[in-house]
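Structure first, then comments.
The values are calculated or read from the model by the stated rules, or taken from the named source; none is laboratory data. Every value quoted in this text rests on a predicted model; they were computed, and no experiment measured them. A quick note on method: Cβ atoms are made from the backbone with ideal geometry, for glycine too, and the neighbour counts reach across all protein chains shown. Please note that ligands, DNA and RNA were not included when accessible areas were found on the heavy atoms of the full protein model with its side chains. Shrake-Rupley method; radii C 1.70, N 1.55, O 1.52, S 1.80 Å.
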2 protein chains.
Amino acid sequence: MQTIANGICAPKGFLASGVAANIKGNNADKKDVALVFSIKPASAAGVFTTNVAKAAPVKVSRAKVAHGTLSALVINSGNANACTGVQGVADANHMCDVAAASLNLESTQVAVASTGIIGVPLPMNRIVSGIRDSAKALAPHGNLDAAKAIMTTDTFMKEIAVNFNIGGSLVTMGAMAKGSGMIHPNMATTLAFVTTDANIAPATLQTALSHAVDKSFNAISVDGDTSTNDMIIALANGQAENQIIEANTHEYGQFYLALEQVLIHLAKEVAKDGEGATKLLEMQVYGANSQKDAQAAAKAVCASPLVKTALFASDGNWGRIVCAMGYSGANFDVDQIDLFIGNQQVVKKGKGIVFSEEAVTHELSQKEVSVRAYLHQGDFSAVAWGCDLSHDYITINAGYRC
Amino acid sequence: MQTIANGICAPKGFLASGVAANIKGNNADKKDVALVFSIKPASAAGVFTTNVAKAAPVKVSRAKVAHGTLSALVINSGNANACTGVQGVADANHMCDVAAASLNLESTQVAVASTGIIGVPLPMNRIVSGIRDSAKALAPHGNLDAAKAIMTTDTFMKEIAVNFNIGGSLVTMGAMAKGSGMIHPNMATTLAFVTTDANIAPATLQTALSHAVDKSFNAISVDGDTSTNDMIIALANGQAENQIIEANTHEYGQFYLALEQVLIHLAKEVAKDGEGATKLLEMQVYGANSQKDAQAAAKAVCASPLVKTALFASDGNWGRIVCAMGYSGANFDVDQIDLFIGNQQVVKKGKGIVFSEEAVTHELSQKEVSVRAYLHQGDFSAVAWGCDLSHDYITINAGYRC
């Protein structure tokens, strides 16, 4: 597997665009409508927010993905179309209709995603113009424009593309995501879109996507606020002409691995770009009694405000890490834990040991900090990612609507 | 029921003290060892942290409370005696032994609590001296010294006393607690102690305490970090000479009500004094499908960093409130919600309505802000308390160990 250029436009048969439709109000030249188009109907799979206050585009796109194939995705930033009632659902459907008409498609072939402020009706005049412009702007190298158009408080674009061999055929996969972390439900925490020219049925793609999301986007936390708008959609248009990928085969394994790597890359980028974040935390938990315990412990550490403030200060306050694993719901004997911050051991069999403050502070001062916990209970392990909690998080979020 | 003076020393037969034993290092004159003493063995009940990384004093005191009666409580701040292994348990037991010897009691009659930094062995020489000093200092008006000695980052003391009539007998109840909120697991989130001269059996007292904690301390959140050291212990020494309070009687109801009011008062004080907090949030949820749903929704709002930063900025960003209820685990139809910030309605049937930004900002600028959500699903309601999230939280927690 190798990393290549062109993001979501890298796979055969995908075009994209991003245009400015003035949805963000006083940012008239900021791109805010994106379109992704496959020249052939593609197998579709999706993972959607578990928040019961689902935004209109989540409701609409979940039904569209259930049909099995999609040809286009239309996405806007600047307005989440959440808590907008019946009108919001009508607006989300209308976005699909307009995109479909512009592309000569059935409306069932278009899914929609939105991200931005909650509770404000979509400015449909501007949205409709934006969608029409984006259809005209579709291009084989429109990936950067699209990745820019889905950004909200993100400080950098998030895209990736890889290719790999499946049964003699070269398969390409591209993806883009927006953050900034799980920190901004108003801004729809995470939107991510995967394109691939692999030949794979919708159900198999869905299985792979659900598993890979569990190992990637479900393993990051910036502040634990689960958005009303979270959505990941994958499209596979078969243009690589590989033999169809069946579940439980070697080929499926190869495809899954690529998908997992692509999503982990994007998830880490989202965590790293968490609002106000100055560094990335990678929490590894080994020796748990179950997969669920390992994941719970790793995620609790990444979500703890106390761990995150200590990380911000590069302070080796390991008690907060043990405490977070302790309330995570994972079951373990605290007197068995070994804990390492970077390469420095700080806890042995549940007790603090003498360590070099200087060395630990040095580890915690890196842009990517790794912490390892060995629970010595069983054979399960998990990794989760998060970021530190800084003054800028407060500044960004205290004044968000203003 | 009326509020009276003297905190934990208000009930008949209770003495208390607080002394400085130099446990906090460079704060040699800051009180850090407290003692509470009942002249007669008292019915005891306790509620302890659910964190699996339980501190040594939690393990030791849980076993002591299980015996049914206690005569004394010894408490230190400045060091949590958590993640201290076998030595920690020995140290916690030794604290009980020293207090018992100083008071001519069996060691089984003394429980222990600690709060402060995790993972550092107790400085036992200073602790032992402190306990002996505190025994000599026991006094009928030692409640203020004791309440001061259990403080960590608290900015004000938290105590209360009330009296009320049960079957013709005047019963008195006192209590003290420390915070600052659920925000500081190193600092043992919450320690609270209740004294009463009521005549009530241990099992009945335990039932009342468990229920009242659910409505009070379990309904507050500052940052969702559940401490390794949380502990609430109630002592009832029977000196009021009321007829013994039996479960499911009118008298039990009177006693329970007083206990609930006392604990809610302290819990709100702890939330109000959350680290860096500038205001108190009271979140009321009505019309939920179940008690569990109502509590989950109310607590999720109080725990949401995004709600808390908006509250800090007095910003009527109600989407974050709906979003937090949405991911709380509570099941409801978002299109039925009505939401009020203070007296200003901001959401009607799940949709934002036009409101006066000025009026909402005014409501959010109060020292105590109340938000009401009507889910219109069923008949259950709950209330939870929290605080805002300010720059000072980051400052306090980023530099805590330094």
Separation of the range A:1-64 and the range B:51-82 by C-alpha centroid, Å?
55 Å
May I ask for the angle, rounded to the nearest 10°, between helix B:250-272 and the longest principal axis of chain B, with both axes built from Cα atoms and the value confined to 0 to 90°?
80 degrees
Which number comes out as Rg/Rh for the range B:330-394 once both Rg and the Kirkwood Rh are worked out on C-alpha atoms?
1.02
For B:A63 paired with B:M124, estimate the spin-label separation in nm (one decimal), with each label point 7 Å from Cα along the Cα-to-Cβ line.
1.6 nm
Counting only residues 5 or more apart in sequence or on a different chain, those whose built amide H sits under 5 Å from that of B:K12 are B:T172, B:D197
What does the charge dipole of chain A about its Cα centre add up to, to the nearest 20 debye, if the Cβ of each Lys and Arg holds +1 and the Cβ of each Asp and Glu holds -1?
680 debye
Arrange the residues B:K292, B:K12, B:K367, B:K272 by how much accessible surface each exposes, largest first, with a 1.4 angstrom probe.
B:K292, B:K367, B:K12, B:K272
By accessible area of protein heavy atoms, probe 1.4 Å, what ranking do B:I4, A:I394, A:I244 get, highest first?
A:I244, B:I4, A:I394
Does the range B:84-160 come out rounded, prolate or oblate, given a ≥ b ≥ c as the square roots of the eigenvalues of its C-alpha gyration tensor, rounded meaning a/c under 1.5 and, failing that, prolate meaning a/b above b/c?
oblate
Mind listing, in residue-number order, the residues in the range A:61-93 that have at least 30 Å² less accessible area with every protein chain present than in their own chain alone (1.4 Å probe)?
A:C83, A:G85
Nm distances between the label at B:T278 and the same-position labels in the remaining copies, 7 Å along Cα→Cβ, shortest first?
2.2
Other residues with Cβ under 13 Å from the Cβ of B:M151 give, with Lys and Arg +1 and Asp and Glu -1, a net charge of -1
Could you do me a favour and compute the accessible area per residue for the range B:1-141, 1.4 Å probe, result in Å²?
37 Å²
Sulfur and carbon atoms: percent of accessible area, the range B:1-141 [1.4 Å]
52 percent
For a quick check, take a GNM of chain B with Cα springs below 10 Å and name the residue from B:L311, B:L103, B:L35 with the largest mean-square fluctuation.
B:L103
Starting from the Kirkwood radius over alpha-carbon pairs of the range B:34-107, derive D by Stokes-Einstein at 37 °C in a medium of 0.692 mPa s and give it in µm² s⁻¹.
255 µm²/s
Using only Cα atoms, tell me the angle between helix A:202-215 and the longest principal axis of chain A; keep it within 0 to 90° and round to the nearest 10.
30 degrees
Put a label point 7 Å from Cα along the Cβ direction on B:N289, then list its distances to the equivalent points in the other copies in nm, shortest first.
3.0
Residues of the range A:365-400 losing 30 Å² or more of accessible area relative to the isolated chain, 1.4 Å probe, heavy atoms only?
A:H391, A:Y393, A:I394, A:N397, A:A398
Each residue of A:324-335 has, on average, a number of other protein chain C-beta atoms within 10 Å of its C-beta equal to 5
Does any residue of the range A:105-125 lose at least 20 Å² of accessible area with all protein chains in place compared with its chain alone, and if so which ones (probe 1.4 Å)?
A:I118, A:G119
Evaluate the charge dipole of the protein assembly as shown about its Cα centre and quote only its size in Debye, nearest 20, assuming +1 on the Cβ of each Lys and Arg and -1 on the Cβ of each Asp and Glu.
140 debye
Based on the inverse mean of 1/r over its pairs of different Cα atoms, what is the Kirkwood hydrodynamic radius of the protein assembly as shown, in Å?
27.8 Å
With an 8 Å Cα cut-off and a minimum separation of 6 or more residues, compute the relative contact order for chain B in percent.
17 percent
Acute angle (nearest 10 degrees) that the helix A:291-303 long axis makes with the longest principal axis of chain A, alpha-carbon atoms
90 degrees
Kindly sort B:F255, B:F48 by accessible area of their heavy atoms, largest first, with the probe set to 1.4 Å.
B:F48, B:F255
List the distances, in nm to one decimal, from the label point of B:K136 to the label points of the same position in every other copy, shortest first, placing each label point 7 Å from Cα along the Cα-to-Cβ direction.
9.1
At 7 Å along Cα-to-Cβ for each site, give me the label-to-label distance between A:T50 and A:S290 in nm.
1.4 nm
Can you work out the FRET efficiency for the pair B:Q87 and B:D29, with r the C-beta to C-beta distance and R0 = 25 Å, to the nearest 0.05?
0.30
Name the nearest-to-axis residue of chain B, judged by Cβ distance to the rotation axis taking chain B onto chain A, and quote that distance in whole Å.
B:H391, 3
Whole-Å distance linking the alpha carbon centroid of the range B:306-367 with that of the range A:257-283 is 31 Å
Taking just the C-alpha trace of the range B:276-388, give me its Rg and Dmax in Å.
12.6, 37
Over both sides of the A-B contact, add up the buried accessible area with a 1.4 Å probe and give it to the nearest 100 Å².
4400 Å²
